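What follows is one structure encoded as structure tokens, with my remarks underneath.
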Amino acid sequence: MDEGAELATGGRRPDRFGDGLFVEPTVFVGVDNSMRIAREEIFGPVLSVIPFDGEAEALRIANDSPFGLAAGVWTRDVQRVHRMVPRLQAGTVWINAYRTINYDVPFGGYKMSGHGRENGLEGLREYLHTKSVWVEMSGATRDPFKLG
């Protein structure tokens, strides 16, 4: 808010949670991508509204971040989805939804948002050390340093 963002709604700690770390769902307006509130990951119910004109500008704003955990696109235009998803630098992209999770599907970010993947086969592979083994089964032994 020091940089000009305006609190539109929320932002208070609900009384019923005492001194906990809970905050009401919060919306800020008047935000641009140079502001700290738009540049840092906030793990809470906080929405920073950044206006844009067209897909190209939306992609530029979305990708102008050191983070890339997730992105969301709200549209009825399936062609827009197919244009934007490959160009969004995020590990997960939700279309007309947010925070849908299935533990059989890999989850993880791009850039500074995590290392590797959790869940699914890709997550399991994080714990494996792959090894290749070759075995001569013909009974013949060969000197690997001798030609012929």
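The values are calculated or read from the model by the stated rules, or taken from the named source; none is laboratory data. Here the structure is a predicted model, which means the values were calculated and not measured. Here the Cβ positions follow ideal geometry from the backbone for every residue, glycine too, while neighbour counts run over all protein chains shown. Heads up: the accessible areas ignore ligands, DNA and RNA and are worked out on the full protein's heavy atoms, side chains in. Shrake-Rupley method; radii C 1.70, N 1.55, O 1.52, S 1.80 Å.
Looking at the structure I just gave you, is residue 3 among the acidic types (Asp, Glu), open to solvent by 60 Å² or more (accessible area, probe 1.4 Å) and in contact with a helix residue (DSSP H, G or I) (Cβ under 9 Å, 6 or more places away or on another chain)? Against the criterion (among the acidic types (Asp, Glu), open to solvent by 60 Å² or more (accessible area, probe 1.4 Å) and in contact with a helix residue (DSSP H, G or I) (Cβ under 9 Å, 6 or more places away or on another chain)), residue 3 qualifies.
Taking (1) more than 22 Å from residue 45 (Cα to Cα); (2) surrounded by 16 or more Cβ atoms within 10 Å (Cβ to Cβ); (3) among the hydrophobic types (A, V, I, L, M, F, W, C) in turn, residue 105 satisfies each apart from (2). Scanning the stretch 85-115 for residues that are over 18 Å from residue 39 (Cα atoms) and either in contact with a Cys (Cβ under 8 Å, 6 or more places away or on another chain) or in a loop (DSSP other than H, G, I, E, B) (or both) yields a count of 13.
Could you go through the stretch 21-37 and let me know if any residue there is of a type in the set (A, V, I, L, M, F, W, C), within 15 Å of the chain's Cα centre (by Cα) and open to solvent by 40 Å² or more (accessible area, probe 1.4 Å).
Taking the stretch 21-37 and keeping what is of a type in the set (A, V, I, L, M, F, W, C), we get 21-23, 27-29, 31, 35, 37.
Pick out the ones that are also within 15 Å of the chain's Cα centre (by Cα) and you get none.
No, the stretch 21-37 contains no residue that is of a type in the set (A, V, I, L, M, F, W, C), within 15 Å of the chain's Cα centre (by Cα) and open to solvent by 40 Å² or more (accessible area, probe 1.4 Å).
With respect to (1) more than 15 Å from the chain's Cα centre (by Cα); (2) loosely packed, with under 14 Cβ neighbours inside 10 Å; (3) closer than 18 Å to residue 90 by Cα, the lone exception for residue 64 is condition (1). Does the stretch 87-100 include one or more residues that are at pLDDT below 85 and out of contact with any helix residue (DSSP H, G or I) (no Cβ under 6 Å at 6 or more places or on another chain)? Yes, the stretch 87-100 contains a residue that is at pLDDT below 85 and out of contact with any helix residue (DSSP H, G or I) (no Cβ under 6 Å at 6 or more places or on another chain). When residue 40 is tested against (1) closer than 25 Å to residue 122 by Cα; (2) within 15 Å of the chain's Cα centre (by Cα); (3) not β-branched (Val, Ile, Thr), just one condition goes unmet, and that condition is (1).
In the stretch 104-129, the residues that are without any contact (Cβ under 8 Å) to a residue 40 or more places away in the chain and within 20 Å of residue 88 (Cα to Cα) reach residues that are among the basic types (Lys, Arg) and buried (at least 18 other Cβ atoms within 10 Å of the Cβ) with C-beta atoms within less than 8 angstrom, at least six apart or across chains, in these pairs: 106/117; 107/117; 108/117. Looking across the stretch 67-102, the residues that are open to solvent by 80 Å² or more (accessible area, probe 1.4 Å) and more than 17 Å from the chain's Cα centre (by Cα) come down to 76, 78, 79, 80, 82, 83.
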